[in-house]
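In what follows, a structure is listed as structure tokens, so that the remarks can point back to it.
Read the figures in this text as sums done on the coordinates, not as results from a lab. Quick caveat, the model's predicted, so the values are computed rather than measured. Reconstructed Cβ throughout: ideal geometry from the backbone, glycine too, with neighbour counts over all protein chains shown.
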Amino acid sequence: MPPVFRFAPSPNGLLHLGHAFSALLNFDLARAAGGRMLLRIEDIDATRCRPEFEAAILSDLSWLGLRWEGEVRRQSEHFELYRQATTRLSEMGLLYPAFESRAEIARLVMQREQAGPWPRDPDGAPLYPGDARALTPDRRAQLLASGAPYALRLDMAAAIARVGSLSWRERGEGPHGETGTVPAQPQAWGDVVLARKDTPTSYHLAVAIDDALQGVTEVVRGRDLFWATSVHRLLQALLDLPQPAYRHHRLILDVAGHKLSKSMRATSLVELRGSGITPPAIRRQLGLPPA
């Protein structure tokens, strides 16, 4: 079977050079391997994702000369599949609802840090400091019946105990040169959120399910997602999903050495196109060979 690659942007802003590098690299690798290239739109965040951004993504990718097979997969059209997965994990006793707001969690972290540094995940966010996992069944039922908002969190210790140690095949390189067989460290993320009351999935859950359902065999993405692979490997093991190979690539940085991002208003491909730059010039700027 030919290898299957995918590019999976979120339509919550315009694409920049970092996205172009990842999309072009996926396309080049798929072509060189005689494989397939798929496109997925990761639009689970209904408050930030917009149709005009998706239209701009499709236009940018076509301008770059990229082609993909089959229909575009939109995560917002498959929420029921993600609900089925959270139901399955709940039936395993691995999910619990946590009712603290973001402000309450921040306050709890401040309280914990009075006794010393509170642990943080690989992205720098504090681990969940609450005790919702220990709520009595009656109290949990009361809060659910009240309509209070909640996040469904994975009981990380119980999940790891169920599957044991895990690893993944890394064909690229991690932030400190990690490559080859990399031991997964999902415990570094604490009890991650897998869904919320008003959103039936998180990035972690949706990407693990979608890669499996689309038959993706090669996940090529930025090095900033390297350690998130630990969570994805755990979910694959829990849900009996196939394991793809991973290739985490270098990040495209701005003049200050920071990763390009939408939130920091990185120059968009739309702006670059408007300035007269051409797709071959984009490739040269990114250090990629001619098409």
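As an equivalent ellipsoid, the stretch 61-165 spans semi-axes of 32, 22, 16 angstrom, where each value is the square root of five times an eigenvalue of the C-alpha gyration tensor, largest first. With both labels modelled 7 Å from their Cα along Cα-to-Cβ, the Arg48 to Gln187 distance reads 3.0 nm. Built from the Cα atoms of the stretch 168-213, the convex hull projects on average onto 4.4 nm², one quarter of its surface area. Pair-distance distribution of the stretch 90-149: all C-alpha pairs, bin width 5 Å, starting at 0; shares per bin in whole percent are 4, 16, 21, 23, 17, 12, 7, 1. Taking 0.36 nm per residue of separation and subtracting the Cα-Cα distance, full extension of the segment from Lys259 to Asp240 would add 3.4 nm.
Relative contact order of the chain, taken over Cα pairs closer than 8 Å and 6 or more residues apart, is 23 percent.
Estimated from helical segments only, the mean residue ellipticity of the chain at 222 nm is -11000 deg cm²/dmol, where each DSSP H run of four or more residues counts as -39500 (n - 2.57).
Computed from the Cα positions only, the extents of the stretch 125-236 along the three principal axes stand at 48, 26, 26 Å, in decreasing order.
Straightening the chain between Ala157 and Glu173 buys 3.0 nm, computed as 0.36 nm per residue apart minus the Cα-Cα spacing.
Pair-distance distribution P(r) for the stretch 1-143, from all Cα-Cα distances in 5 Å bins starting at 0: 2, 8, 12, 13, 13, 13, 12, 11, 8, 6, 2, 0 percent. Could you tell me the calculated FRET efficiency between Met110 and Phe79, based on Cβ-Cβ distance and R0 = 45 angstrom, to the nearest 0.05? Calculated transfer efficiency: 0.85. Summarised in one figure, the compactness ratio Rg/Rh of the stretch 68-114, Cα atoms and Kirkwood Rh, is 1.25. Here, the stretch 215-259 yields an orientationally averaged convex hull projection of 3.4 nm² when only Cα atoms define the hull.
Taking a Cβ cut-off of under 15 Å around Gly65, the surrounding Lys, Arg, Asp and Glu residues balance to a net charge of +3, with basic ones at +1 and acidic ones at -1.
Between His78, His232, His19, the residue with the greatest mean-square fluctuation in the GNM of the chain (Cα pairs under 10 Å linked by springs) is His78. For the stretch 1-75, the Kirkwood radius over C-alpha pairs fed into Stokes-Einstein at 25 °C and 0.890 mPa s yields D = 195 µm² per second.
Across Ser230, Ser261, Ser275, mean-square fluctuation computed from a Gaussian network of the chain (C-alpha pairs under 10 Å connected) peaks at Ser275. DSSP bridge analysis restricted to the stretch 101-256 gives an antiparallel fraction near 60%, rounded to the nearest 5. As a ratio to 2.2 N^0.38 Å, the alpha-carbon radius of gyration computed for the stretch 169-291 takes the value 1.26. For the chain, a Kirkwood radius taken over Cα pairs fed into Stokes-Einstein (10 °C, viscosity 1.306 mPa s) yields D = 77 µm²/s.
GNM on the chain, alpha-carbon springs under 10 angstrom: the most fluctuating residue among Ala206, Ala145, Ala157 is Ala145.
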